[in-house]
Amino acid sequence: MEEFTHYTVMKYEAVDALQCQPGKIYVDCTLGGGGHSELILQRIQPDGRLIAFDVDEDAIKAASERLKSYKNLTIVKDSYTNIKKVLQNLGIEKITGGVLFDLGASYHQFNKRERGFSFSKDAPLDMRFNQDAEFSAYDVVNTYSEDDLIRIFSEYGEERFSKRIAKKIIEQRMVKKLETTTELADLILNCTPHVKSSIHPATRVFQAIRIEVNHELTNVKNTLNDVLDLLDFGAIISVISFHSLEDRIVKHLFKYHSQRCHCDKTQMICNCPPPILELVNKKPITASDEEISTNPPSRSAKLRVARCIKL
């Protein structure tokens with residue numbers, strides 16, 4: 001098997017935030033290379049339990065080998081979006097310790113050429129986290145309407161040349177469908193102004209397509225709401241996000257559920273239910289300078305932490 005390479009971002013910060021204790025149940029929603037999971041497992045011995053989710057077969061194989069000595073680990077090949085159903089099937093009613101989300105794609109996914117995440121490597125347009133899924137980047141690029149392409153490039157990529165890029169893709173499709181990452185990246189490079197920037201002109205569009213293919217923002221929002229129903233009193237939720245759209249969802253959800261009142265200011269009597277969460281950190285925790293120098297993508301990572309205070 002090809003070596004699976006994955007850098008665990010803010011490993012200690014994210015796991016420290018969970019305040020791991022033996023005897024409690026924890027969930028790692030994004031197993032990846034197993035870095036966070038391994039540290040959690042070390043801290044919950046001898047009788048804690050960890051449930052870890054991933055849809056990436058490469059990640060599961062690598063992490064299973066890395067963590068094979070731990071008997072209190074259950075690895076589930078499924079999306080974390082199915083957390084309620086999976087935990088129910090495992091006979092788990094509540095997450096008594098905490099839950100960790102690491103929302104970034106892995107180094108391995110971006111750098112394995114055939115996965116089609118990176119425009120620096122010529123590969124088929126793919127970008128699926130779950131290789132069993134049928135819908136891929138090829139479908140987005142070659143079947144979406146011009147308006148839909150503009151929408152996802154603008155919303156998910158915050159790309160200011162969305163209209164120009166979408167129009168060019170439609171024109172190109174009439175001649176020949178786009179099939180590879182290089183074809184798409186070259187099209188973007190050739191139809192946008194040469195702006196002095198540290199990032200490649202295709203970066204935002206590739207991000208937008210990846211988010212669309214994997215339903216990332218919808219999945220995060222829906223799953224965080226599901227997790228709130230699963231947290232036991234005192235359990236902690238720790239979330240690492242890597243771009244502003246994800247972080248905004250986490251920030252707003254945490255803020256909303258930690259507020260005591262949502263009433264209109266003109267309303268005399270508050271009938272709001274008690275808050276579900278309390279914020280552990282009001283401002284996001286970011287990676288250390290040392291970590292950023294070792295793993296530059298960690299520069300964009302933000303960690304938000306909250307504790308369940310619902311009885």
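Here the dipole of the chain is about 860 debye; that uses its Cα centre as origin and unit charges on the Cβ of Lys and Arg (positive) and Asp and Glu (negative).
A cut-off under 11 angstrom between Cβ atoms defines the neighbours of P22, and their net charge, with Lys, Arg +1 and Asp, Glu -1, is +2.
Here the contact order of the chain, divided by its residue count and restricted to Cα pairs under 8 Å and six or more residues apart, works out to 18 percent. Pull out a ≥ b ≥ c, the square roots of the eigenvalues of the alpha-carbon gyration tensor of region 19-104, then state rounded if a/c is under 1.5, prolate if not and a/b is larger than b/c, and oblate in the remaining case. Oblate, since a/c reaches 1.5 and b/c is not below a/b. The residues neighbouring N72, those whose beta-carbon lies less than 10 Å from its own, together hold a net charge of +1 under the Lys/Arg +1, Asp/Glu -1 convention. Calculated from the structure, Cα extents along the principal axes in Å equals which of (i) 61, 60, 40; (ii) 84, 50, 38; (iii) 90, 50, 30? Step by step, Cα extents along the principal axes in Å for this structure corresponds to label (i). A simple packing score, the average count of other Cβ atoms within 10 Å per residue, orders the peptides 88-97, 199-208 as 199-208, 88-97, with the highest score first. The distance between label points at K265 and T143 comes to 4.8 nm (points 7 Å beyond Cα on the Cα→Cβ vector).
What does DSSP give for region 18-177 in terms of the percent of beta bridges that are antiparallel, rounded to the nearest 5? Among the beta bridges of region 18-177, antiparallel pairing accounts for roughly 10 percent.
Ligands, DNA and RNA are left out, and with a 1.4 angstrom probe the accessible area of the chain is 51 Å² per residue.
First select every other residue whose beta carbon is under 13 angstrom from the beta carbon of G34; then total the charges, Lys and Arg +1, Asp and Glu -1. Overall, the nearby charge balance is -3. Loop-located chymotrypsin sites (Phe, Trp or Tyr not before Pro) across region 208-301 with a Cβ neighbour count of 15 or fewer within 10 Å are F233, with loop assigned by DSSP.
The simple spin-label model puts a point 7 Å past each Cα toward its Cβ; for K282 and N89 those points are separated by 4.3 nm. Rounded, prolate or oblate, given the Cα gyration tensor of region 218-266, with a/c below 1.5 counting as rounded? Cα axes put region 218-266 in the oblate bin. Summarising the amide proton neighbourhood of L231: residues at separation of 5 or more, or on other chains, whose placed amide H is nearer than 5 Å comprise I95. By accessible area, using a 1.4 Å probe on protein heavy atoms only, region 156-311 has 53% of its surface on carbon and sulfur. Each DSSP beta bridge with both residues in the chain is either parallel or antiparallel, and the antiparallel ones are about 40%. When you filter the GluC sites (Glu not before Pro) in region 1-69 for DSSP loop state and at most 13 other Cβ atoms inside 10 Å of their Cβ, you are left with E2, E3.
The values are calculated or read from the model by the stated rules, or taken from the named source; none is laboratory data. On a predicted model such as this, the values are computed, not experimentally measured, just so you know. Methodologically, a virtual Cβ is constructed for each residue, glycine included, from the backbone with ideal geometry; neighbour enumeration extends over all protein chains shown. The area values use the complete protein model at the heavy-atom level, side chains included, leaving out ligands, DNA and RNA. Shrake-Rupley method; radii C 1.70, N 1.55, O 1.52, S 1.80 Å.
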